[in-house]
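Step one of this worksheet: look at the structure below.
Here, each number is a calculation from the coordinates, and none is a lab measurement. Worth saying up front: this structure is predicted, and the values here are computed from it rather than measured.
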Amino acid sequence: MSNKNTARLLVAACALCGLAFSASDQVTTAPVIKLKPVHTQQPQQARPAKTQFEVLHMMTTGIQVRSLVNGLEIHTFTYSDQIRDPMRKLLDQGGYQYGDKVEIQYQPGTEVALKIKGKPSKPL
């Protein structure tokens, strides 16, 4: 027999032994453990946050503001459906100008303004 045939037979024998051992390892003898279902509470809607901002730019679709607490924190809020029309009317009258102080009520984790309070200054 040649060395190639001997090597092939040896590889085939090892493969058969490996299959036999792996098949016997798959048998389980431990009893099945039943788990109790986990009851989680429904996440409650977080209350809307109210934060003071300084207006950078007001647009028809949204408002860009800077935090009064951290001057490096800039947000661009879009208007919710409830305030979109009043904000457009306000913008037609001049709107909020750069530097105006506003209080924006929004849902935490979103960039949608639910209410905007503040006195707009006279347009330049």
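Name the shape class, rounded, prolate or oblate, that the alpha-carbon gyration tensor gives for region 49-117, where a ≥ b ≥ c are the square roots of its eigenvalues, rounded holds for a/c under 1.5, and otherwise prolate holds if a/b is larger than b/c and oblate otherwise.
Working: a/c = 1.94, a/b = 1.22, b/c = 1.59.
Cα axes put region 49-117 in the oblate bin.
Could you give each residue of region 98-111 its phi-based ³J(HN,Hα) in whole Hz, using Karplus coefficients 6.51, -1.76, 1.60 with θ = phi - 60°, and x for Gly or Pro?
For region 98-111, the Karplus curve yields 4, x, 5, 8, 9, 10, 10, 9, 8, 7, x, x, 10, 10 Hz.
Quote the relative contact order of region 49-117 in percent (integer), defining contacts as alpha-carbon pairs under 8 Å separated by 6+ residues.
Details: 133 pairs, mean separation 25.9, N = 69.
Relative contact order of region 49-117: 38 percent.
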